[in-house]
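The values are calculated or read from the model by the stated rules, or taken from the named source; none is laboratory data. Just so it is clear, the model here is predicted, and its values are computed rather than measured. Note that we place each Cβ from the backbone using ideal geometry, even for glycine, and neighbour counts take in every protein chain shown. Keep in mind that these areas ignore ligands, DNA and RNA; they rest on the heavy atoms of the full protein, side chains included. Shrake-Rupley method; radii C 1.70, N 1.55, O 1.52, S 1.80 Å.
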Amino acid sequence: MGCFFSKRRKAEKESQPEDEEVQPKQYSWDQREKVDLKDYMFSGLKDVTVGRLPGKVAGQQFLIQDCENCNIYIFDHSATVTIDDCTNCVIFLGPVKGSVFFRNCRDCKCALACQQFRVRDCRKLEVFLCCATQPIIESSTNIKFSCFQWYYPELAFQFKDAGLSIFNNTWSSIHDFTPVSGEHNWSLLPEDAVVQDHVPLPTTEELKAVRVSTEASRSIVPVSRGQRQKSSDESCLVVLFAGDYTIANARKLIDEMVAKGFFLVQTKEVSMKAEDAQRVFHEKAPDFLPLLNKDICIRKQGDGTWRCRQLLQFC
């Protein structure tokens, strides 16, 4: 006993020309560009300077492992970066969308920007950091931090491609998972530390083509004081509401205030809600409610009562 539909399918199959080849079904993953993992890895290197130019990583994962006495520069944005078993290396990482994880590394100096930063089983690292979340260290000693300070023309676009804000930087809010009573596993580098003395510019002709500057005034990320000891207990909060020129206005304000003797403590880009406005602006909150889309908050510290009042009035 047969089925009407099975007979029809059999007839259709018999009607196909014998020399016609049946094309295999195409899937989306078959059409992806093949990735050579060696292009996204530095492994087993010693006494060399290596790197990747802008556009050569393009958001892929990257691995650095078993390197010694090397200078490594990744001038592009990545998905995640893992650094394992490296000794006496200089490492620069462009914006990383996810995490940067150091494991079992010794005597390394780094500059990097990322969403998450973790260190485990490491000793004697110096890190110039921009991190959107609280940096974490575990089972590590003598880890020193300072604020990220770097510039090259493609860097601003790479921050955007990695989904990072130049204003969200909690570089000094370190969480130690394995604290030891009476000891400090981490500290902050001196405020006058010069990033180029720790993470020098590349010297190879290929990498020198990237027009790098380590001047604080040109840094993509505003250079902040963080949790270093303050010279005054007085501080003020400046709120810039989102607009076409918010970032440019924020940078201009920072430059002008620093030139007048103020210190940038920290910056934060947030979405402010009505209850947040009430807490910040009090009785003036209703005046600002129409502006509450996306705001950039900049906290600055002054060294005198008069200046702080003037700045508050300016806000």
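Some notes on this structure:
- For region 110-147, residues that are hydrophobic (A, V, I, L, M, F, W, C), outside any strand (DSSP E or B) and more than 9 Å from the chain's Cα centre (by Cα) total 1.
- Search result, residues across region 256-273 that are modelled with pLDDT under 80 and exposed (fewer than 12 other Cβ atoms within 10 Å of the Cβ): Ser271, Lys273
- Pair list, Cβ under 9 Å, 6 or more apart: region 237-255 residue crowded, with 17+ Cβ neighbours inside 10 Å, other residue small (Gly, Ala, Ser): Val238/Ala250; Leu240/Ala250
- No other residue among Ile174, Ile254, Ile166 is aliphatic (A, V, I, L, M) and in contact with a helix residue (DSSP H, G or I) (Cβ under 9 Å, 6 or more places away or on another chain) apart from Ile166.
- Taking the numbered list (1) of a type outside the set (D, E, K, R); (2) assigned to a loop (DSSP other than H, G, I, E, B); (3) over 29 Å from Leu93 (Cα atoms); (4) in contact with a helix residue (DSSP H, G or I) (Cβ under 9 Å, 6 or more places away or on another chain) in turn, Cys236 passes all entries but (2).
- Residue in region 76-91 that is of a type in the set (A, V, I, L, M), at pLDDT 95 or above and either open to solvent by 50 Å² or more (accessible area, probe 1.4 Å) or over 29 Å from Phe157 (Cα atoms) (or both) present: no
- Condition broken by Leu312, with the remaining ones in (1) closer than 20 Å to Arg225 by Cβ; (2) open to solvent by 70 Å² or more (accessible area, probe 1.4 Å); (3) modelled with pLDDT of 70 or more satisfied: (3)
- Phe177 vs. criteria among the hydrophobic types (A, V, I, L, M, F, W, C), open to solvent by 70 Å² or more (accessible area, probe 1.4 Å), in contact with a strand residue (DSSP E or B) (Cβ under 6 Å, 6 or more places away or on another chain) and more than 17 Å from Ser146 (Cα to Cα): yes
- Unique residue being touching a residue at least 24 places away in the same chain (Cβ under 8 Å) and open to solvent by 30 Å² or more (accessible area, probe 1.4 Å) when the list is Leu155, Leu188, Leu164: Leu188
- Among the numbered conditions (1) touching a residue at least 60 places away in the same chain (Cβ under 8 Å); (2) assigned by the TED database to the domain that holds Ile91; (3) over 28 Å from Pro54 (Cβ atoms), the only one that His175 does not meet is (1).
- Condition met for Asn71 (out of contact with any Lys or Arg (no Cβ under 8 Å at 6 or more places or on another chain) and either in contact (Cβ under 8 Å) with a residue 40 or more places away in the chain or more than 21 Å from Asp161 (Cα to Cα) (or both)): yes
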